[in-house]
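These notes concern the structure reproduced below.
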């Protein structure tokens, strides 16, 4: 095995200890920053972050919320982080809810999480306020990023209240709350790509172990940028907490509309993101080249650089470096997770001088299970398994055991029993491992298309091939019932064309072009793997906050 540069890992028993120790080590360093609509930079140091969490924790305790469930509903913002940390540090549970859900789903998630208090951004206030009058467990509602005089207390006001209480007590907390490392710190709902979301209970130990080990293989540098939602484990554990664990600054974004603007303003070293954003950046590079009449020149340059790379000459060409700087600014490393990343796109970014690291995670594992290394990366793989995780395979399904596995689904013992085999969690993902220990994901068990002759195929492999067609923005492959029985199916592709490339083309011209390209793909595949039906979508697919298609809604 090649020599891998791993980093030392320090572990923490709970969030209170974590905050105390990183503040002791990194005090006046920048911990977190973001940009306002006017491009003003806002910054908090580790010391300022810890002080405000302690103040909010004190307020939680005095108001009787210590040890209770606290829902956080809204877009990424600094107050969101404060509430999450204060809830966990006071022995309670942060119930993390995706604001992109339907109004009914948001209300159900708050209720299912037995939330005593709800913290919301302005966009979710009207959705959550009725819960105060519906006989639920909700006792009070507070505003994230709110302004005084709007009828509800804001996080800023609660921090001020906690600060006064601590000042009366000589600057110390009046509450000593013991926390067990295995007690639940957060309830995070699954993304719900193949079924309805489930509330996952993650312990202090699980989240913090995962956050610290996120730095074991992948080196993300002193400044990381992320627009990943805090309400999901990838954004919270791997972006926010992992950055703080190594004393790095996390620059976050709260709106996809300003994500690229903020990325360039951040001057960050690494970007944590999902394949959709990587594909969008890649697509824009080639669209620009096509509009400028330079696509042919770019293809020749890419081909030349691939040849140089095979000779061991890895220094990127000046033109490709300029393209990289225009597209992602100062970014040197892109860590991608949440869905499968195109190997072809990753290779092209590599030729531009970007280190592309793909990882694999699932909410029930806090989430990271494996990730690639900067100094030894296999682009088609999702990397090496983290030290605290064990992986095994049963009929190609990936099972995981270790400290980062969930405590179970909250209030759902039967569903928990379905996925737990003793200490082993059944991920539902299919995969394999090579002799070097690199993990590969081959599909999703629930997505398998099964034919009458017993043959099976993972649609993900075909989707990746179809996405390479320039006219395709997104695609979903499925088994369309073509006979009397449920297993009498034909492979079908539902395609959303790229609006910019489709331009003034008619539906017939789009379908004709797509069919021509899919025929080329089919020619290289055995008959049972060939796409036999193609339909065009007029609207984008319904997606989760992690930008994964909700297959069960299609």
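The values are calculated or read from the model by the stated rules, or taken from the named source; none is laboratory data. Every value quoted in this text rests on a predicted model; they were computed, and no experiment measured them. Neighbour counts are summed over all protein chains in view; Cβ atoms, including those assigned to glycine, are modelled from backbone coordinates with ideal geometry.
Annotations
- Filter result for the condition that a residue is within 22 Å of residue 214 (Cβ to Cβ) and surrounded by 17 or more Cβ atoms within 10 Å (Cβ to Cβ), over 419, 400: 400
Table: residues versus (1) at pLDDT below 85; (2) assigned to a strand (DSSP E or B).
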| residue | (1), (2) |
| --- | --- |
| 479 | no, yes |
| 484 | yes, no |
| 509 | no, no |
| 534 | no, yes |
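- Looking across the range 358-380 at every residue that is out of contact with any helix residue (DSSP H, G or I) (no Cβ under 6 Å at 6 or more places or on another chain) and part of a loop (DSSP other than H, G, I, E, B), the one that is nearest to residue 204 (Cα to Cα) is identified as 362.
- Scanning the range 406-415 for residues being out of contact with any helix residue (DSSP H, G or I) (no Cβ under 6 Å at 6 or more places or on another chain), outside any helix (DSSP H, G or I) and on the phi < 0 side of the Ramachandran plot gives a total of 3.
- The range 449-463 - residue that is in contact with a helix residue (DSSP H, G or I) (Cβ under 8 Å, 6 or more places away or on another chain) and surrounded by 15 or more Cβ atoms within 10 Å (Cβ to Cβ) and, of those, nearest to residue 501 (Cα to Cα): 462
One line per residue, one yes/no per condition, for (1) touching a strand residue (DSSP E or B) at 6+ places or on another chain (Cβ under 8 Å); (2) within 24 Å of residue 77 (Cβ to Cβ); (3) assigned by TED's automatic domain parsing to the domain that holds residue 387:
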residue: 7; (1), (2), (3): no, no, no
residue: 19; (1), (2), (3): no, yes, no
residue: 23; (1), (2), (3): no, yes, no
residue: 29; (1), (2), (3): yes, yes, no
residue: 32; (1), (2), (3): yes, yes, no
residue: 35; (1), (2), (3): yes, yes, no
residue: 47; (1), (2), (3): no, yes, no
residue: 53; (1), (2), (3): no, yes, no
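- Restricting attention to the range 12-25, the residues that are surrounded by 20 or more Cβ atoms within 10 Å (Cβ to Cβ) and outside any loop (DSSP other than H, G, I, E, B) add up to 6.
- Helices (runs of 4 or more DSSP H) contained in the range 51-161 and holding at least 1 residues touching a residue at least 60 places away in the same chain (Cβ under 8 Å) and at negative phi: 78-89, 103-112
- Filter pass, residue 293 being assigned by TED's automatic domain parsing to the domain that holds residue 391, at pLDDT 95 or above and surrounded by fewer than 18 Cβ atoms within 10 Å (Cβ to Cβ): no
- Test: residue in the range 513-528 that is within 30 Å of the chain's Cα centre (by Cα), under 30 Å from residue 379 (Cβ atoms) and either part of a strand (DSSP E or B) or touching a residue at least 40 places away in the same chain (Cβ under 8 Å) (or both): no
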